[in-house]
Amino acid sequence: MSMYSFKKFAGSIGLAFVVAAVSLSGAPVSAAPPDQPLMQEARAELQQAHAALNRALENKGGHRVKAMNLVQSAIREVTLGIQFDRRHAHGVRFAAADQPNMQTALDHLRIAKNKLENATEDKGGHRKNALRYVNDAIDEVNKGIAAGN
């Protein structure tokens, strides 16, 4: 073992003892604040909406595909908003048979929209762009549901 590796190993052991001692002392250990929880949750909802749209039948007059593209754009904007906030330190704040898939996508989109609306506003414009895409995707899914009926 090189001297550098040994020092690194010894430092890790020392840190482990300090953490254990603080934990056993009953003193509160401060956890890092969650990283953009509403934006993360909105992205997860968008991903679920995209998956539901992907499972839906293709006979929706092109609206399903448009909605999928819009959802992908919203996912990209949410990701860019999260990255922007990290860089700028704003994030430290606490067919009839097929229609269920389209409805599930719509439900996920609405949840994502709500999370985006409740996320902090300053994301370099990306949150607003994601909301626009989500609203457009909601419109397309509604049109797809109507076309499939």
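The values are calculated or read from the model by the stated rules, or taken from the named source; none is laboratory data. These figures come from a predicted structure and were not determined experimentally. FYI the Cβ positions are ideal-geometry reconstructions off the backbone, even for glycines, and counts take in every protein chain you see. Just the protein is used for accessible areas: all its heavy atoms, side chains included, with ligands, DNA and RNA removed. Shrake-Rupley method; radii C 1.70, N 1.55, O 1.52, S 1.80 Å.
Structure notes:
- Given (1) at pLDDT below 95; (2) at negative phi; (3) open to solvent by 70 Å² or more (accessible area, probe 1.4 Å), number of the condition Ala89 does not satisfy: (2)
- Taking the criterion of being crowded, with 16+ Cβ neighbours inside 10 Å and more than 22 Å from Ala42 (Cα to Cα), the only residue of segment 53-62 that qualifies is Lys60.
- Answer residue from segment 63-86, given it is surrounded by fewer than 18 Cβ atoms within 10 Å (Cβ to Cβ) and β-branched (Val, Ile, Thr) and is nearest to Ala146 (Cα to Cα) among those: Val65
- Filter pass, Ala105 being open to solvent by less than 20 Å² (accessible area, probe 1.4 Å), on the phi < 0 side of the Ramachandran plot, touching a Leu at 6+ places or on another chain (Cβ under 6 Å) and at pLDDT below 95: yes
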